[in-house]
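Here is the structure we will look at, set down as structure tokens.
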Amino acid sequence: MALALYNTLTRTKAEFVPLDPHNVRVYVCGPTVYDYAHIGNARPVIVFDVLFRLLRHIYGPDHVVYVRNITDVDDKINARAAERGISIRALTEETTAAFHEDISTLNVLAPTIEPRATDHIAEMREMIARLIDRGHAYAADGHVLFSVPSMADYGALSRRSPDEMRAGARVEVAPYKRDPMDFVLWKPSSGDEPGWDSPWGNGRPGWHLECSAMSWKYLGEVFDIHGGGIDLQFPHHENEIAQSRCCHGTEVMAQVWMHNGFLQVEGEKMSKSLGNFITIHDLVNAWPGEAIRLNMLRTHYRQPFDWTEKGLLESIAVLDGWYEAVGDVPLGPVSCADTVDALEDDLNTPKAITALHALRAEAAKGAAGAADCLKASANLLGLLEGTASEWFARKKQAAGLDETEIETLIAARNTARAERNWAEADRIRDQMTEMGVVLKDGPEGTTWEVAT
Ligand code: AMP
Ligand code: ZN
């Protein structure tokens with residue numbers, strides 16, 4: 001089967017044909033680093049990591065370039081640094097390091113390049129100068145604005161009417177704008193605000209321009225796939241397209257635009273005021289990262305996703321079953337065609353997971369090669385990368401259980417059973433159930449697991 005992807009630009013699913021199969025190029029909007037990233041931010045990180053893995057599988061690991069940026073210049077960053085009384089650089093470095101640490105347990109491959117916006121101010125200035133030259137931008141009152149009416153097909157990605165776009169942009173109509181839809185490419189900086197010299201005065205770039213400049217530098221004027229959350233479709237991606245196409249005189253910026261659906265929590269929009277705001281940091285401290293990842297992938301990336309603790313517990317139980325099946329076998333050589341087919345169908349991860357369940361059932365029946373195949377196929381989704389011993393050991397540790405105490409209790413229960421003291425044996429079992437331990441009596445003796 002050939003790879004098919006849903007393209008937001010055309011609103012259709014079509015076969016993916018890279019511009020150059022030896023150099024498949026992907027750009028995904030990364031986080032704005034002013035605070036811990038929340039679990040909504042983890043969704044594109046995980047979804048596009050699956051895409052990255054699949055493209056590497058199809059085209060070869062050396063033939064895919066994946067750029068995910070760090071937005072380290074933004075007014076939210078300035079405000080937070082001032083609030084905390086630290087420098088902007090200290091804040092963005094601390095937050096970037098926290099982001100890397102948080103996502104490290106989610107089995108996410110490092111992108112090929114992770115550029116920081118502030119390292120690309122020169123490219124941004126160059127793009128602005130070109131846009132002014134070509135009549136697509138104008139300087140006014142220390143700002144440089146992109147002239148939306150200068151682009152005949154502005155709005156093609158989000159397909160909104162100009163009235164909707166004006167409302168959607170949610171901007172105060174500043175007096176220096178020729179049209180209310182015009183957006184900022186460069187704005188003046190004063191006082192403590194970060195600023196760089198430019199022909200238009202000391203200032204800083206607008207957010208949209210950052211991604212246009214970084215994708216141009218690393219992927220060229222036109223590249224294959226641009227991704228991000230659906231919230232970015234308008235105005236961010238619409239404006240990236242406007243800047244890049246008008247600057248380079250191209251028909252498209254990226255061939256395919258992919259958007260992940262929004263994530264909510266226990267049926268509600270995640271927000272600080274509702275008290276249901278969950279950071280990746282909190283989550284990975286409490287739960288195995290692999291279960292968080294699987295939980296996200298159980299829903300197709302374009303669908304809205306409801307994050308629930310129930311779903312997370314189910315995901316842990318699924319991984320228990322899979323790890324039980326694969327044990328500590330080394331990586332199997334062949335992944336299963338059903339898994340690859342499902343992923344090639346617009347990253348249909350729920351269907352891929354169904355294929356993994358089938359392999360697990362085969363493995364349970366003792367079918368030759370099924371466990372190897374389960375492991376190799378799950379690896380394509382960034383799952384089952386560890387061993388069963390590690391998975392179960394981590395679970396025991398995470399549950400805060402003292403292994404020595406448990407072994408002592410099991411020994412005491414065995415003695416009671418040997419003495420046919422069933423009441424005592426049952427009492428110990430009940431005590432262990434209370435502790436969250438499940439006992440399994442088998443021919444080899446008694447083993448234990450953490451209850452889910
Ligand atoms: P930001 O740091 O807000 O610019 O977001 C970084 C990435 O996370 C972007 O691709 C956003 O579209 C995505 N994102 C933010 N919030 C959510 C959410 N609740 N659900 C899914 N994706 C989100
Ligand atoms: Zn972007």
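State whether the residues of segment 191-207 include one that is within 13 Å of ligand 1 (Cβ to nearest atom), at pLDDT 95 or above, surrounded by fewer than 24 Cβ atoms within 10 Å (Cβ to Cβ) and not β-branched (Val, Ile, Thr).
No: segment 191-207 contains no residue that is within 13 Å of ligand 1 (Cβ to nearest atom), at pLDDT 95 or above, surrounded by fewer than 24 Cβ atoms within 10 Å (Cβ to Cβ) and not β-branched (Val, Ile, Thr).
Which residue out of Ala393, Ala342, Ala416, Ala371 is in contact with a Phe, Trp or Tyr (Cβ under 9 Å, 6 or more places away or on another chain), among the small types (Gly, Ala, Ser) and assigned to a helix (DSSP H, G or I)?
Ala416
Are there strands (runs of 3 or more DSSP E) fully within segment 1-99 with at least 2 residues that are of a type in the set (D, E, K, R) and away from ligand 2 (no atom under 16 Å from the Cβ)? List them.
Those strands (runs of 3 or more DSSP E) span 12-15.
Within segment 19-55, which residues are more than 9 Å from ligand 1 (Cβ to nearest atom) and more than 17 Å from the chain's Cα centre (by Cα)?
Within segment 19-55, Leu19, Asp20, Pro21, His22, Asn23, Val24, Arg25 qualify.
Hey, which of the strands (runs of 3 or more DSSP E) in segment 180-231, taking only ones fully inside, have at least 3 residues that are within 13 Å of ligand 2 (Cβ to nearest atom)?
Strands (runs of 3 or more DSSP E) meeting the threshold: 223-229.
Conditions first: (1) in a helix (DSSP H, G or I); (2) under 22 Å from Glu390 (Cβ atoms). Val329 passes all but one, so which condition is the exception?
Of (1) in a helix (DSSP H, G or I); (2) under 22 Å from Glu390 (Cβ atoms), only one is false for Val329: (1).
Filter segment 321-361 down to the residues that are farther than 30 Å from Met258 by Cα and without any contact (Cβ under 8 Å) to a residue 12 or more places away in the chain and list them by number.
Pro330, Ala361
Among the listed residues Asp133, Asp141, Asp62, identify the single one that is farther than 15 Å from Met214 by Cβ, modelled with pLDDT under 95 and away from ligand 1 (no atom under 16 Å from the Cβ).
Being farther than 15 Å from Met214 by Cβ, modelled with pLDDT under 95 and away from ligand 1 (no atom under 16 Å from the Cβ) holds for just one of Asp133, Asp141, Asp62, which is Asp141.
If I go through segment 232-243 residue by residue, how many of them are surrounded by fewer than 20 Cβ atoms within 10 Å (Cβ to Cβ) and more than 9 Å from ligand 2 (Cβ to nearest atom)?
2
Listed residues Asp197, Asp182; which is closer than 30 Å to Glu83 by Cα and in the same structural domain as Thr10 (by TED's automatic domain parsing)?
Asp197
The values are calculated or read from the model by the stated rules, or taken from the named source; none is laboratory data. What you see is a predicted model, and the numbers here were worked out from it, not measured in a lab. Every residue, glycine as well, gets a Cβ built from its backbone with ideal geometry; the counts of neighbours run over all protein chains shown.
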